[in-house]
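Presented below is the structure to which this report refers.
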2 protein chains.
Amino acid sequence: MTDFAATKARFHLPEGLIYLDGNSLGPLPLDAPAKMDAVMRAEWGEMLITGWNRAGWMDRPQSIGDRIGRLIGAEPGHVVMGDTLSIKVYQALAAALEMRPDRRVVLSDTGNFPSDLYMAEGLLGMLGEGYELRVVAPEEVADHITEEVAVTLITEVDYRTGRLHDMRALTKKAHSVGALTVWDLAHTAGATEVDVSGCGADFAVGCTYKYLNGGPGAPAFIYVAPRHADRARPALSGWLGHAAPFEFEQSYRPAPGIERMRVGTPPILALAALEAALDVWEMTDMAAVRAKSLELTALFIEEVEARCPELVLATPRAPAERGSQVSFRFHEGFAAMQALIARGVIGDFRAPDIMRFGFTPLFIDEGDVVRAAEIMGEVFGERLWDDAAYRKRGRVT
Amino acid sequence: MTDFAATKARFHLPEGLIYLDGNSLGPLPLDAPAKMDAVMRAEWGEMLITGWNRAGWMDRPQSIGDRIGRLIGAEPGHVVMGDTLSIKVYQALAAALEMRPDRRVVLSDTGNFPSDLYMAEGLLGMLGEGYELRVVAPEEVADHITEEVAVTLITEVDYRTGRLHDMRALTKKAHSVGALTVWDLAHTAGATEVDVSGCGADFAVGCTYKYLNGGPGAPAFIYVAPRHADRARPALSGWLGHAAPFEFEQSYRPAPGIERMRVGTPPILALAALEAALDVWEMTDMAAVRAKSLELTALFIEEVEARCPELVLATPRAPAERGSQVSFRFHEGFAAMQALIARGVIGDFRAPDIMRFGFTPLFIDEGDVVRAAEIMGEVFGERLWDDAAYRKRGRVT
């Protein structure tokens with residue numbers, strides 16, 4: 001039984017804000033500044049270069065990877081940290097494609113985050129003629145998993161609608177036709193009960209600045225199934241993925257297992273903040289978080305629909321089909337979101353018309369949900385977004 | 001006239017250590033913890049997602065890139081931060097190769113850092129048949145720049161010997177046969193007077209945790225010459241290199257100029273430490289640093305050779321031919337370096353027999369150099385490394 005009041009107390013949440021954007025950037029864990037300061041002063045400052053051994057920096061990508069592995073159902077020793085999610089998408093997709101040399105189609109969907117599609121485009125462009133990135137509607141993915149498909153590249157939750165793909169069913173379907181799967185967990189790691197091992201996922205990648213609260217630009221992770229870990233060829237073959245990096249050999253030899261997915265020098269400072277964020281996760285488990293998340297999203301849908309009839313729910317009503325966000329379509333969504341933000345309800349807007357709200361049980365409770373819905377009711381009741389101040393278009397909201 | 005005593009006072013240098021490994025990991029700038037704390041609490045903590053605009057996070061990769069650009073002779077607006085050096089090598093090399101579609105040879109040398117060679121190997125492996133990574137001796141690079149060569153991939157300073165390539169001459173030679181150049185500035189940014197613009201370099205990349213003192217795993221940078229910046233195709237085509245990332249379009253369109261070399265979400269916390277480190281660079285200029293560096297390396301060579309006749313200088317004696325490190329060959333170099341480290345002189349060892357010492361005028365002065373040489377004289381006079389304690393092989397030194 002998780003004490004979510006206790007997890008909430010572990011974050012800095014500015015007075016007067018209801019922060020429903022933890023699905024985009026999680027808030028500051030209260031212990032993170034002190035942890036960072038200790039790594040900077042006691043490790044970097046005092047140990048200098050010897051920190052790589054004495055402070056264990058060199059092993060941190062794996063030890064932290066294992067902590068995330070526990071949240072996504074990975075086998076120990078099969079997750080490693082580093083780079084950004086876009087880079088990890090590229091690595092996973094390149095490795096998977098190389099394992100299906102006779103096929104040329106990467107299957108994805110329009111609900112995938114654009115960066116995944118862009119990275120795939122860049123990769124396929126380099127691989128030469130004949131490769132195809134086939135992008136279908138989210139609901140049609142299963143029907144398009146055919147024997148032409150080398151790899152499916154799917155973000156488990158649609159960043160706009162919050163619709164959750166069925167990882168187990170799609171992975172099974174992919175394997176039944178000889179395809180491999182790359183799962184992007186950006187919106188599910190720390191949000192739903194992910195089970196990469198149980199679902200038989202081949203590769204999985206994710207970021208840590210959303211539900212995991214690692215801070216702006218926190219490092220990404222990659223999972224490679226144990227059955228592939230010693231075979232997957234890292235296209236991004238950097239020295240820290242070498243079997244013997246400190247031998248400084250002239251040719252690349254991949255390290256055994258997941259370690260080969262490391263590339264360059266690990267971001268030790270960024271990892272320090274992430275470690276403090278992961279400490280909060282020790283107070284709970286994903287089953288409890290998922291149960292609470294579904295309560296919060298159901299409550300929000302109910303409370304908002306009662307107050308704002310102009311909004312059209314974009315997120316599936318069936319709990320099993322949604323992640324941990326609720327999205328509404330509204331043609332003046334950008335301006336309306338500005339008005340909400342000005343009144344302390346922080347969600348975000350995704351073109352063309354999605355108002356998006358993330359629910360993160362570690363620090364959002366029923367009181368926040370009801371209060372946010374009340375404020376939405378006021379904003380919509382008075383059409384506050386008609387005020388010109390809310391109509392100017394910003395870059396990130 | 002730089003006051004190097006004042007720059008030295010801006011770093012935390014542990015009592016009793018002479019740190020001659022700033023060429024591997026620079027020391028902690030005293031202002032870095034406070035800067036980091038401010039970014040964590042006042043920006044991440046208070047602004048949350050709005051920090052991307054309000055705190056200027058989104059533009060930081062360019063604004064910091066420009067600060068580094070000034071140290072390497074880049075035109076303003078043509079350097080951007082992100083990822084690791086290995087990733088930036090891959091990006092630059094892929095873009096350069098795509099601009100020479102009729103050629104198949106990448107020329108590098110045995111003094112290049114292995115990760116550059118490994119990344120090239122991975123890239124060429126993906127591009128398919130016919131590509132060749134040709135690796136020659138450092139002294140033979142010029143002779144091997146032929147019309148077969150698509151791109152030269154050269155680290156300006158040899159990480160083992162400290163030998164400095166002639167960027168101007170090699171770039172000119174490359175251009176004379178229609179080849180492009182990718183320069184790795186890992187050991188020259190902040191160490192020598194680099195002039196990427198004046199030398200006509202096509203691409204340059206570098207890390208910031210060595211001479212620039214950005215911290216363990218600090219982000220890398222990439223420079224693309226203005227004449228290529230709007231043509232270079234980013235193989236790693238992530239959403240923050242898109243012309244309109246927040247339109248969330250389904251297909252990739254590269255941003256104008258250097259911005260296209262951005263990939264994923266920038267590492268805001270790591271960049272905070274780097275900013276504090278770059279503040280120290282405002283107190284000097286590269287001409288002063290280079291002059292002082294050459295004084296320090298000349299003094300060290302002289303003082304050590306007078307005391308340790310067993311050591312064989314691996315670094316060129318001619319000032320114009322060396323970077324900011326001094327290396328000696330010694331068959332028991334690993335054990336001898338352990339003995340030195342135990343006595344407070346921190347250098348490092350590179351297989352098979354290189355004892356390496358970095359000289360960083362921002363925090364190393366003549367007194368340090370003489371004292372380090374005296375301690376080396378004692379260690380070699382008494383053969384202290386014969387003690388078994390120094391003979392065990394560590395992972396990083």
Practice problem: Count, please, the residues in the stretch B:298-330 that happen to be surrounded by 23 or more Cβ atoms within 10 Å (Cβ to Cβ) and not aromatic (Phe, Trp, Tyr). | Solution: 8
Practice problem: Check the stretch A:101-112 and report whether any residue there is away from chain B (no Cβ under 12 Å), within 15 Å of the chain's Cα centre (by Cα) and either free of Cβ contacts under 8 Å to residues at least 60 places away in the same chain or more than 24 Å from B:Tyr131 (Cβ to Cβ) (or both). | Solution: no
Quiz item: touching a residue at least 60 places away in the same chain (Cβ under 8 Å) and at positive phi: does that describe A:Gly323?
Solution: no
Self-check item: Selection count, the stretch A:339-355, where residues are away from every other protein chain (no Cβ under 11 Å) and either among the hydrophobic types (A, V, I, L, M, F, W, C) or buried (at least 23 other Cβ atoms within 10 Å of the Cβ) (or both)
Solution: 5
Quiz item: Which of the residues spanning the stretch B:3-12 are more than 7 Å from chain A (Cβ to nearest Cβ) and touching a Leu at 6+ places or on another chain (Cβ under 9 Å)?
Solution: B:Phe4, B:Thr7, B:Lys8, B:Ala9, B:Arg10, B:Phe11
Quiz item: Restricting attention to the stretch B:257-297, which residues are touching a His at 6+ places or on another chain (Cβ under 9 Å), more than 14 Å from chain A (Cβ to nearest Cβ) and crowded, with 18+ Cβ neighbours inside 10 Å?
Solution: B:Ile258
Quiz prompt | Sole exception among (1) crowded, with 18+ Cβ neighbours inside 10 Å; (2) β-branched (Val, Ile, Thr); (3) farther than 18 Å from A:Ala232 by Cα for A:Val177, by number | solution = (1)
Quiz item: Taking the condition within 29 Å of B:Thr155 (Cα to Cα) and either under 20 Å from the mean Cα position of the chain (by Cα) or touching a residue at least 24 places away in the same chain (Cβ under 8 Å) (or both), does B:Asp116 pass?
Solution: yes
Practice problem: Working only within the stretch B:17-57, note down all residues that are facing chain A (nearest Cβ under 7 Å), outside any loop (DSSP other than H, G, I, E, B), among the hydrophobic types (A, V, I, L, M, F, W, C) and in contact (Cβ under 8 Å) with a residue 60 or more places away in the chain. | Solution: B:Leu28, B:Ala32, B:Met36, B:Met40, B:Trp44, B:Trp57
Quiz item: Of all residues in the stretch A:354-388, which are closer than 27 Å to B:Glu247 by Cβ, in a loop (DSSP other than H, G, I, E, B) and at pLDDT 95 or above?
Solution: A:Phe359, A:Thr360
Quiz prompt | Residue within the stretch A:183-190 that is surrounded by fewer than 24 Cβ atoms within 10 Å (Cβ to Cβ), away from chain B (no Cβ under 14 Å) and of a type in the set (A, V, I, L, M) present | solution = no
Quiz item: In the stretch B:207-231, which residues are of a type in the set (Gly, Ala, Ser) and either within 8 Å of another protein chain (Cβ to nearest Cβ) or touching a Phe, Trp or Tyr at 6+ places or on another chain (Cβ under 8 Å) (or both)?
Solution: B:Gly215, B:Gly217, B:Ala218, B:Ala220, B:Ala225
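Here's the yes/no breakdown for (1) crowded, with 17+ Cβ neighbours inside 10 Å; (2) outside the structural domain of B:Leu296 (by TED's automatic domain parsing):
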position: B:Phe11; (1), (2): yes, no
position: B:Ile18; (1), (2): yes, no
position: B:Asp21; (1), (2): yes, no
position: B:Gly26; (1), (2): yes, no
position: B:Val39; (1), (2): yes, yes
position: B:Trp44; (1), (2): yes, yes
position: B:Thr50; (1), (2): yes, yes
position: B:Asn53; (1), (2): no, yes
position: B:Trp57; (1), (2): yes, yes
Quiz item: So, in the stretch A:232-256, of the ones that are more than 7 Å from chain B (Cβ to nearest Cβ) and of a type in the set (A, V, I, L, M), which residue ends up surrounded by the fewest Cβ atoms within 10 Å (Cβ to Cβ)?
Solution: A:Ala244
Practice problem: Restrict the check to the stretch A:320-329 and report whether at least one residue is part of a loop (DSSP other than H, G, I, E, B) and away from chain B (no Cβ under 14 Å). | Solution: yes
Quiz item: Which one of B:Asp158, B:Asp202 is closer than 23 Å to A:Thr265 by Cβ and touching a residue at least 12 places away in the same chain (Cβ under 8 Å)?
Solution: B:Asp158
Self-check item: Matching option when the condition is surrounded by 16 or more Cβ atoms within 10 Å (Cβ to Cβ), under 18 Å from the mean Cα position of the chain (by Cα) and basic (Lys, Arg), among B:Lys35, B:Lys88
Solution: B:Lys88
Practice problem: Could you tell me whether the stretch A:244-264 includes any residue that is in a helix (DSSP H, G or I) and touching a Ser or Thr at 6+ places or on another chain (Cβ under 7 Å)? | Solution: no
Self-check item: Filter result (aliphatic (A, V, I, L, M) and either part of a loop (DSSP other than H, G, I, E, B) or within 10 Å of A:Asn213 (Cα to Cα) (or both)) within the stretch A:1-16
Solution: A:Met1, A:Ala9, A:Leu13
Quiz prompt | Which numbered condition B:Ala169 misses (of (1) small (Gly, Ala, Ser); (2) under 17 Å from B:Pro319 (Cβ atoms); (3) surrounded by 22 or more Cβ atoms within 10 Å (Cβ to Cβ)) | solution = (3)
Practice problem: Collect the residues in the stretch A:206-229 that are assigned to a loop (DSSP other than H, G, I, E, B), among the hydrophobic types (A, V, I, L, M, F, W, C) and buried (at least 24 other Cβ atoms within 10 Å of the Cβ), keeping them in residue-number order. | Solution: A:Cys207, A:Leu212, A:Ala218, A:Ala220
Quiz prompt | From the options A:Glu98, A:Glu147, A:Glu129, A:Glu75, residue that is without any contact (Cβ under 8 Å) to a residue 12 or more places away in the chain and either more than 18 Å from B:Tyr90 (Cβ to Cβ) or within 11 Å of another protein chain (Cβ to nearest Cβ) (or both) | solution = A:Glu129
Quiz prompt | Which numbered condition B:Arg67 fails, given (1) part of a helix (DSSP H, G or I); (2) crowded, with 23+ Cβ neighbours inside 10 Å; (3) more than 10 Å from chain A (Cβ to nearest Cβ) | solution = (2)
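The values are calculated or read from the model by the stated rules, or taken from the named source; none is laboratory data. Not measured: the values here are computed from a predicted model. Using ideal geometry, Cβ is built from the backbone for each residue, glycine included, and neighbour counts are taken over all protein chains shown.
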